Structures are given as structure tokens and as C-alpha cells.
1. Using the Kirkwood radius over Cα pairs, work out the Stokes-Einstein diffusion coefficient for segment 87-140 at 10 °C and 1.306 mPa s, in µm²/s as a whole number.
2. Cα axis of helix 5-15 to longest principal axis of the chain: angle in degrees, 0 to 90, nearest 10?
3. Multiply the residue gap between residue 169 and residue 49 by 0.36 nm, knock off their C-alpha separation, and tell me the result in nm, one decimal place.
4. State the dimensionless ratio Rg/Rh of the chain (Rg: radius of gyration of Cα atoms; Rh: Kirkwood radius).
5. Could you state the angle between the C-alpha long axis of helix 184-204 and the longest principal axis of the C-alpha atoms of the chain, as a value from 0 to 90 degrees rounded to the nearest 10?
6. Compute the separation of the alpha-carbon centres of segment 20-37 and segment 150-201 and state it in Å as a whole number.
7. If contacts are Cα pairs under 8 angstrom and at least 6 residues apart, what is the relative contact order of the chain in percent?
8. Full extension from residue 189 to residue 96: what is 0.36 nm times the residue separation minus their Cα-Cα distance, to one decimal in nm?
């Protein structure tokens, strides 16, 4: 979710091909996004392995129900051009590798997705987090020598190159969503609500600093 200078420059290069919808999403959600990052503070030198486990468990309780809502939405118009995210399973694998279990409780502050605009807003949050997660993958690799097989599968994801390629596909889809006439305000509201729900959820699960 956080990016260092090099990744930020690369993201901006890719984002320059983005859309007015993408830029509106980024600008509108910036304050709550930064607030969430500060609360998690995942690059802090004081981050313990125990809190890292709590973060993964809290994320699993959020990603699992949200991804289920993605799958229940039905046919996506315009078509995505990439697979819906399935990162809850990576979180479950990480928790097992770290000797923990996924919590039984799931975030219930996630209404069903009713429109393509809402889908766009929520996907923007998860796909942007995957892009920023590449930085965090390097952080946990340095700190605890974690690999995708030993507790860092979620942040590593598809790896830097494939993650950037996927982000470019996401930006292309956002452009097609904007051209289809989907409401930008509706997408922004969905993205903001997703960030806020995650912010409240991780705090309730004791995963913040």
C-alpha cells in the first residue's frame, strides 16, 4: 500500500495512461488512503511479527467477503480483460505458513455490489493495494526473510512485473468504464466507503499500530 520513490515514479508513468475516472478516484480517496496507511504503518521499524500476523488475519477477514461480492456481481460490462482478484487465498496461505489461522469473523460492513461503477470503485482499492504491496514484500523479505512460501505471498502477489502489467489492464478497464457512461461519483463513493470500511475493520481487529 505504500510506495518508495522508484515505485512511485513507475506507478506515475503507468498512471499517466490512466483516465479521468482513475484520477478522480485517486484524488478523492487520497486522504482516507493516507490515513489508513498511517494507522497500519507497515514499514515501521517497530512492526512486530505478531502484529504482521494480525494484519494478515484482519485483511483476510476483509478480502474474503469483498471478493465473494465481486464474484456474485455477475457479468461485467464492459468486460474486465483480467481475472477478478483472489487474494484471500494468499492471505490464508501466509497465515498457515506463519503458524496462525484465519479468523472466523468477516467484515459485514460491505454491501453487495449493484453497479459497474461500484465494482470499479472497489476494484480500484484492491488493485492499487496490490501495486503498493510490492514495496511491502521487499520490506518483510528484508526484516524476517519471508518469501511467498513462508508468509509473504499476499504482498508479493504476482511479482513486480506482472503486477504492473495487471495495473495497466486495470487502468484500461477504468477508461472503458468511464466511456460507458458509468457514474464517476458512484465509483468514488464505493472506493471511499471501501477504504473507510477497511480502516474501521483493521482497527477493530487490533491490527493498527
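A short reminder: the numbers here are calculations on the coordinates, not readings from a lab. All values derive from a computational prediction rather than experimental measurement. Positions of Cβ are generated from backbone atoms using ideal geometry, with glycine treated the same way; all protein chains shown enter the neighbour counts.
1. Values: Rh = 13.5 Å.
In µm²/s, the coefficient is 118.
2. Rounded to the nearest ten degrees, it is 20.
3. Values: separation 120, 0.36 × 120 = 43.20 nm, distance 3.37 nm.
Taking 0.36 nm per residue and subtracting the Cα distance, the gain is 39.8 nm.
4. Numbers: Rg = 16.2 Å, Rh = 17.2 Å.
That ratio equals 0.94.
5. Helix 184-204 sits roughly 10 degrees off the main axis of the chain.
6. 11
7. Details: 259 pairs, mean separation 80.7, N = 209.
Relative CO of the chain lands at 39 percent.
8. Numbers: separation 93, 0.36 × 93 = 33.48 nm, distance 3.47 nm.
Additional length available on full extension: 30.0 nm.
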